[in-house]
Each structure stands twice: as C-alpha cells, then as structure tokens.
Amino acid sequence: SELRSFALLLAQLDPSLETVIGVTRCSDGPGEGTSMSSYVAAHEQGLRSDKTLGFHTGSGAQILGLVPDFRPEDVATQGIGVLIQYDLKNWSTSSGVKGPEVTSTSRKEGGGGGKACSALERFREVLGEMQHPLEEDQLQTGFFMLGLDSLELLRVLNRMSAWAHRALPASFLLDFPSVSEAAAELERMAPNGASGSAADPATALDVMKEVFAELRCPLTEEKLSLGFFQLGIDSLEMNRITKRLSAWLGRELPSTSLLDFPSVRALASELDRRRSGGSAAAAPARRDGDGAPSGGYDAKDAKVPIDKELLIQVQKKFKEKYSSAQNKKKIAGLVSKFSSNKSAYLKALEPLRVELEGSALLSLGVIEDLQSKSVEKGRRDVERSLKIFRRFQEVSEHEQD
C-alpha cells in the first residue's frame, strides 16, 4: 500500500496525467462452474470480497474490465487479469479512507478558543495517537522514514488540513524532506487565527530566497542570473517553489513557470510586475554583470540580441519542448537517479538541456551549432531580449502561458 500511494502521489505531480491504469489479479478464483466476469461483478456488488480487488477498489480504483491471457499459467483465475483505473484528480478524496471530520472541536486546533497549538504540536499529537511518537531526533526525518503506511499518511494529511483550515494537496507530506520543514510551511499557510503567520515577503525574489534558504541552498547574488535547473534543484523542490510563489502572487502559476524564464532574476521581475497590477513606468536602464540592461526600458536603450517576433517563437518552442510528457519523464528519471548528488545531476542534465534548448535555438537560427558555449550564449541572448520586450503584451502573454 505504501508503494502504491507513493506512485499515485508522484503521478499527481505531473499535470499532464489524469489517470493511472494497471492490471491486477484476483486473490481467489471463481471456482468451478463460475466465470471470472461473474466473480468480479459479485465483488463490485458487495456480494463477495476479494482481498486483492478490495485493496484497489477500497482505495478509489475502478474496475474497467477483464484482461484475458494475462497469466495463462494461473489456473485458479483462469489466466484472466482485471483492468483497474485510479482517477488522479479525485484519488485523495475518494480513496475510501477518510480521517476525522472537521468538527467544531477540530477547528479549534488551528485557532479560536484558547491557546492555538502550532503545526509541529499538532503533528506530535496525531502521530502519538497512531503509536508513532515523534521524538526530537526525528524532526529532520521524512514521513515515509517514520514507518507510516499509506492509510496513516492520509490520516495525518486530513488532520493537518483541518488544522490549516484548507485542503492540503495530496502530495503535501512528500513535498518536504522533513517533518520540521512541513510544519514550518504549514505555519506560513495557516490563517491568522492558527498560531500566527509571518509577514508577507515584499518581492518575489524575497519569496525565492526564503525557500532556497529552507532547502539549504542559499540564493546568492551570482546565482540570480542562472536558470533553475542550473541551480541543481529537483522536480519536487521546483514544485515547492512554484506553490509558494503562487500563494504570494494570489493566483495559480503554471507548473512550467520556473522553466519559462531563463533566470531567477527574470522570473522575479515578471512576478513583481504582475503583482503590482501591470507594467511599471520605465526606469533608467541598469546593467548586469554581462553589460546587459536589467531594468524597465525601451528597446532603443540597448542593442537587441533577438527581435521581438523571433523571441516569441523561441518562447513557444521552449515551452513545447519542456512541456512534452516524454521530456518530463526524462527529467524525472535524472532527478530520481541523482537525487543525492546534485553535481552529478547537473552534469547528467547538461546533454538534455543542449538537446532541448539547443535544438530549439538552432532550428530558429538563434545559434549556429549545438556546442555548450553556443547554447549558453543563445540563452543569455534570450534573457536580454526578454528584459527589453517583456513590457509588450505579446511577449508577456507567452510568459504567463
């Protein structure tokens, strides 16, 4: 059950996936004189209970049909498998396992009458009830490492949703490497009546610096001109940053937002502009370390590396490349393989970056070859042009997409 929950929660992180389908076998056979279709139908109608089918249907799966010759050597089940499907959009709430309802008492967990408890105190209480006392030396441990099964994880998620007065994402407990970091995030998410909330960061860059500090990867000045993959963060960390920025901005950002911008600074600048309600007045041009303008200004203030029409084509091409299911799987595979070694991850990712971004830039004539230096120069040219043309609606619309 733990492996299944992990697989489904991981699948929910990919916005392009809607369902997960698999083939299972029945624990028992239908017996002599009974067909498999009748046996499975009896399980669905509640007339009999098959342990393996119940494992899936009891957690929200639907039975789609039978698969003949699934295991021909399995005489008891007549060699027939059962096709099942999990609906990822509804799985967390229709799994058939529900935690305590949010009663008037449970609502006080986050605030109201009496002294409000903290998120960490609530975690301790819930885990204690489940005979998993949370010791001090376990605060830096992830939830799966605490020995919780999938049903217990769901129970914790439901109780913490009640504490925070909001439905937490199904993957919430897996988005953080430790209990203490999950608790800290809940404190920020909680309404004022819970246990107090921190002051809202002033800028998007402040938000990102805060998250990177929590990830023990301080966002220094020299890193602001780098793209997010160059910073060595994995897909779960990118998802965490996107969620925090969405909360700060007050609107949901696309899952590809961090990949739609060539640098941290470029993304921060655009989000600040959106939060302020539109384009700010033109400011005097400022120069970054490469001599490129980095503020609001007209195109006449600097040499334009890529014209506006070509830039829009590049934006479309980059989004197309990174949004494909095939490339998302490639990136996820690298993250999984090198999760404990970021330098090895970056080294392994470089050929894919050259393949995706380089092929896009090459096909549009922005660069002349696929050498790493050419690709990096092309990306810098894209970033500089974005700074110049971002004020134009045609360009900003593509960034928002």
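Candidates are the residues of segment 203-242 that are in contact (Cβ under 8 Å) with a residue 40 or more places away in the chain and in contact with a Pro (Cβ under 7 Å, 6 or more places away or on another chain); the one that is farthest from Val264 (Cα to Cα) is Val207.
Looking only at residues in segment 375-396 that are among the small types (Gly, Ala, Ser) and touching a residue at least 24 places away in the same chain (Cβ under 8 Å), the one that is farthest from Gly227 (Cα to Cα) is Ser396.
For segment 202-229, the set of residues classified as open to solvent by 30 Å² or more (accessible area, probe 1.4 Å), at pLDDT below 80 and more than 24 Å from Ser118 (Cα to Cα) consists of Ala202 only. Annotation: of all residues in segment 243-265 being touching a residue at least 60 places away in the same chain (Cβ under 8 Å) and part of a loop (DSSP other than H, G, I, E, B), the one that is most open to solvent (accessible area, probe 1.4 Å) is Ser255. Residues in segment 1-31 that are under 13 Å from the mean Cα position of the chain (by Cα) and among the polar types (S, T, N, Q): Gln12, Ser16.
Would you mind stating whether Ala280 is in contact with a Lys or Arg (Cβ under 7 Å, 6 or more places away or on another chain) and at pLDDT below 75? The answer is yes for Ala280.
Considering only residues of segment 59-79 that are among the polar types (S, T, N, Q) and open to solvent by 60 Å² or more (accessible area, probe 1.4 Å), which is farthest from Thr19 (Cα to Cα)?
Per the criteria, the residue is Gln78.
If I filter segment 324-345 down to residues being among the small types (Gly, Ala, Ser) and at pLDDT 80 or above, which single residue comes out as most open to solvent (accessible area, probe 1.4 Å)? It comes out as Ser336.
Provide a single number: the residues in segment 3-34 that are part of a loop (DSSP other than H, G, I, E, B), of a type outside the set (S, T, N, Q) and on the phi < 0 side of the Ramachandran plot. Give the derivation first.
Pass one, segment 3-34, residues part of a loop (DSSP other than H, G, I, E, B): 13-18, 25-34.
From what is left, the residues that are of a type outside the set (S, T, N, Q) are 13-15, 17-18, 25-26, 28-33.
Now narrow it down to the ones that are on the phi < 0 side of the Ramachandran plot: 13-15, 17-18, 25-26, 28-30, 32.
Selection size over segment 3-34: 11.
Listed by first and then second residue, the pairs linking a residue in segment 4-18 that is touching a residue at least 24 places away in the same chain (Cβ under 8 Å) and within 18 Å of Gly60 (Cβ to Cβ) to a residue that is of a type in the set (Phe, Trp, Tyr) and part of a loop (DSSP other than H, G, I, E, B), with Cβ atoms under 7 Å apart and 6 or more places separating them unless they lie on different chains, are Leu8/Trp91.
The single residue among Arg122, Arg188 that is open to solvent by 50 Å² or more (accessible area, probe 1.4 Å) and either at pLDDT 75 or above or under 22 Å from the mean Cα position of the chain (by Cα) (or both) turns out to be Arg188. Scanning segment 135-160 for residues that are open to solvent by less than 20 Å² (accessible area, probe 1.4 Å) and either more than 12 Å from Ser178 (Cα to Cα) or aromatic (Phe, Trp, Tyr) (or both) turns up Phe143, Leu148, Ser150, Leu153, Val156, Leu157, Met160. Selection within segment 35-58: residues that are assigned to a loop (DSSP other than H, G, I, E, B) and surrounded by 12 or more Cβ atoms within 10 Å (Cβ to Cβ). The member of this set that is modelled with the highest pLDDT is Ser35. Evaluation of Leu64 against the conditions (1) part of a helix (DSSP H, G or I); (2) over 30 Å from Phe143 (Cα atoms) shows that the sole unmet condition is (1). Taking the stated definitions as given, is Ile21 open to solvent by 50 Å² or more (accessible area, probe 1.4 Å) and touching a residue at least 12 places away in the same chain (Cβ under 8 Å)? Here the answer is yes, as Ile21 does meet what is asked. Taking Val82, is it crowded, with 18+ Cβ neighbours inside 10 Å and either basic (Lys, Arg) or modelled with pLDDT of 75 or more (or both)? So Val82 fits the description; yes. Within the option set Ala199, Ala167, being modelled with pLDDT under 70, under 30 Å from Ala266 (Cβ atoms) and among the small types (Gly, Ala, Ser) holds for one residue only, Ala199. Ser339 satisfies every condition listed in (1) touching a residue at least 60 places away in the same chain (Cβ under 8 Å); (2) in a helix (DSSP H, G or I); (3) small (Gly, Ala, Ser) except (2).
Scanning segment 344-361 for residues that are in contact with a Gly (Cβ under 9 Å, 6 or more places away or on another chain) and among the hydroxyl-bearing types (Ser, Thr, Tyr) returns a single hit, Tyr345.
The values are calculated or read from the model by the stated rules, or taken from the named source; none is laboratory data. The shown structure was predicted, so the numbers you read here are calculated from the model rather than taken from an experiment. Every residue, glycine as well, gets a Cβ built from its backbone with ideal geometry; the counts of neighbours run over all protein chains shown. Just the protein is used for accessible areas: all its heavy atoms, side chains included, with ligands, DNA and RNA removed. Shrake-Rupley method; radii C 1.70, N 1.55, O 1.52, S 1.80 Å.
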